[in-house]
1. Long-range amide H contacts for residue 600: which residues qualify at under 5 Å (H placed 1.01 Å from N, peptide plane, sequence gap of 5 or more or a different chain)?
2. Counting alpha carbon pairs within less than 8 Å and at least 6 residues apart, what relative contact order, in whole percent, applies to the chain?
3. Figure the gain on full extension for residue 411 and residue 598 (residue separation times 0.36 nm, minus the Cα-Cα span) and round it to one decimal in nm.
4. Could you point to the residue in 32, 378, 332 farthest towards the positive end of the chain's charge dipole, with +1 and -1 charges on the Cβ of Lys/Arg and Asp/Glu respectively?
5. In angstroms, what radius of gyration and Dmax does the chain have, counting Cα atoms only?
6. So who's got an amide H within less than 5 Å of the one on residue 134, skipping anything under 5 residues away but keeping other chains? H placed 1.01 Å off N, in plane.
7. Given a Förster distance of 35 angstrom, what is the FRET efficiency for residue 267 paired with residue 687, based on the Cβ-Cβ distance and rounded to 0.05?
8. Run the dipole for the chain about the Cα centre, Lys and Arg Cβ at +1, Asp and Glu Cβ at -1, nothing else charged, and hand back the magnitude in debye, nearest 20.
Amino acid sequence: MLKATLKSVLSRKLRLVLSGLSVVLGVMFVSGSFVLTDTLDRSFKDLFANVYSDVDVQVALKPKVTSEDPDTGAGGGTLTTADLAAVRSVEGVKSATGDVTGSARPIGEDGKVLTTSGAPRLGTAWQDGGQEQFREGRPPQRDGEVAISAYLAKTGGFQVGEQMSVITLEPKKSFTVTGVFGYPGNRDSLGGELLTAFTEPVAQQLLLGQPGAYTGITARGADGVADDVLRQRIQQRLGDEFQVKTGEQLAKDQSDAIAEGLSFFNYVLLGFAGIALFVGIFIILNTFSIIVAQRTRELALLRAMGASRKQMVGSVVIEAVVIGLIAAVVGLGAGIGVGALLATLFSSLGGGMQLAGISVPPSAVISAFAVGIVVTVLAAVLPALRASRIAPVAAMREAATPDRPLTKLTIAGAAVAAAGGGLLWYGFTTTSLVLIMAGLLLAFVGVALLTPLVSRPVVSVIGKLLAWSMPGTLGRRNSARNPRRTAITAAALMVGIALITGVSVILTSATTSITKVAENQVKSDLIISGESQGPGGAATFAPQRLDDVSRMSDVESAFGWYSDGIMVDGRQKYAIAVTDLPVLQKQFGITATSGGFADLQAGQIGVDEGDATALNLQQGSTVTVQTAKGEPATYTVALVYAKSTVLANAFLLPEAVAKDFRVEQISNAFVQVTAGADVAEVKKRVEPMFADDPEITVQDRSGFVRQQASQLDTVLMMIQILLALAILIAVLGVINTLALSVIERTRELGLLRAIGMRRAQVMRMITVESVVISVFGALLGLVVGTAIGVVAVKALKDEGFSELGIPWAQLGSYLLIAAVVGVVAAILPAIRAARLNVLQAISYE
């Protein structure tokens, strides 16, 4: 029996390739994800080991407010020259230098701020004795000079002797480039960062806003003094307010932080791999259903010769194991190649970061074979069980499989789909990713089970649009005569289209909600804000500029806010210090549920009603607030305001508190012009005031909304690219189904050719069948995806999704793409059908 099964598999090589291809793609994505993240993880560990190779002990103030922003300056406050002297006085310290690091954004030749692919843009105070190796020029020696990394020089096209403009805490300033440096190993950067080195006094003023300040202190021990011993001595000398770590500890902390970020990245990739495999299950299930139908006579003859039902099941399962094993090996090889390619791409985008050698972690191998074999076998179980029920008498006649009633399938599908919808709603409400994924899985399975019920009538309607000729009519009838097969093939395409449609509905609703909020709540005519330029978030500007805008003619009112993270009773929250609270209330139309919108006095705080309920606060309650640079202070709740999308759950603080924020500069400002004044004309007069800071933009309301919405468009594009894999696998499913269907209908096609059907007509018939299946799958996806999007938007109503938006144009384009996919998918099966030898086809068994 085993020999017969293996011969059956190997005698149908085309069927073997088609059924294994979808599994290969899924395995490739899974194993490639593990190869990529393992390579990057080891690369970052090597990187940080090199970064801190010259550091024995480093000292910093303990951060008072946690922050994940790598582009900010002194997160936990600054050290002083007295702290530096204290470190130098510790027994065993050979030398100690003060470090100055902060955000410095270089401006390119086009006048725009240079961006990165995620690495920070840093400024530092030049220190001799580091890893830097000059390739040209010399270190900065005067206030107007800087040295830059080789990666920054290449990115911005800067050369020694040229002028370069940099934005720091102060507006754009120009410096002369005196040198370009690299790192050991001929590296242009350590990790893709853009690094500008100033003299120490200039760095302290521009990056920290105060002379004589340091972000950290690097100490080197005398010969024979262990790093841990030196760390303990410095810690005892400085006290618990300071964070003292060895270079080895710092490298491990950084590596662990990167590993955590990579794990999330890996989860995303594995999520899309799971989607690809889920789609692949439909294809494998359909493939084995067709294979079993084609082998009905063969299996029945084996039963007549004495084979048991158990051997029938074993026959199909063995075939699945062979296909899964081959697909796992091929997919693992492809995954290693894809992982290496993506790692190289990541390195080039990250400034040429040196990669550790490509290796294959055990997780990649285990997952490849587990996924490849298990998924294939699971998808083949149901057809195998059906094969076992074939009676021996079937060998005496044409083994046609009669249609089975759809009642049980429909009831099961409705129950599963309802459960999936409920989980989705609850998952979006509680923002639980696990529940959302479980709900999606159940919803898709439920819809797939319901699909055969609607397959025949819907396919018939779609087919009538294409049945303008005899081949078209036959194609329509072919796609409708086996509802289960058509349903499974269409369901594979449905998953990808549904996910893209759901995301499109959610993002369109977000854009519509932003627009509605801007129209109904914000009465500001001009918004002054910093564009998001990668790490570090939006840029800021000096408060004096807002004062200048407020004094302009035709400006009725203006206010701004400083923003930062704070700790409220030990919880991390977002806060804004508002320059004029009554003007904010007037321009935003926010209502107070208790208290009033008078300017907050020292020791007073405002809170939105959502946080008030969560923290059990009311007017007169007290909370302990910790800012980034200040000391813990007790605040009294003076205002509880109605939930507002514009303020996004912000705690309101007096303007004076901004001095204790990380950056004492305004992040957003809002201007209302006088009645009858020309907004465009006022905008033209305001813009020159920010000419020396290209990160700051002055926009009217519609321009600001477009800017915010454009960020959502980028998210949609990224998701569409990733989900394209699922659609590609679904296309292979259509090709697979048609190709196997052509083999199954060989005699039928031969008879059609014998009675006069031309080759072109055969190709047209197969093409119509393919287009009908593809459009049916797309329609299913549009309906299911729209339903998912609506559920998400309704469930997220309290998170700012106030309006439902349906992207009709995009949905129409997805349907058109599906029709094109149908035509493309039909090419190879149609050519094969047209080339059949008529006499051999008629005599085909």
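1. Hits under the 5 Å cutoff: 581.
2. 16
3. This chain segment gains 61.2 nm when fully extended.
4. 378
5. Looking at the chain, its Cα Rg and Dmax stand at 33.2, 103 Å.
6. Correct list: 182.
7. The calculated FRET efficiency here is 0.20.
8. 6500
Each value in this text was obtained by applying a stated rule to the coordinates, not by laboratory testing. Please read all numbers here as calculations on a predicted model, not as lab measurements. Backbone-built Cβ (ideal geometry, glycine too); neighbour counts: all protein chains shown.
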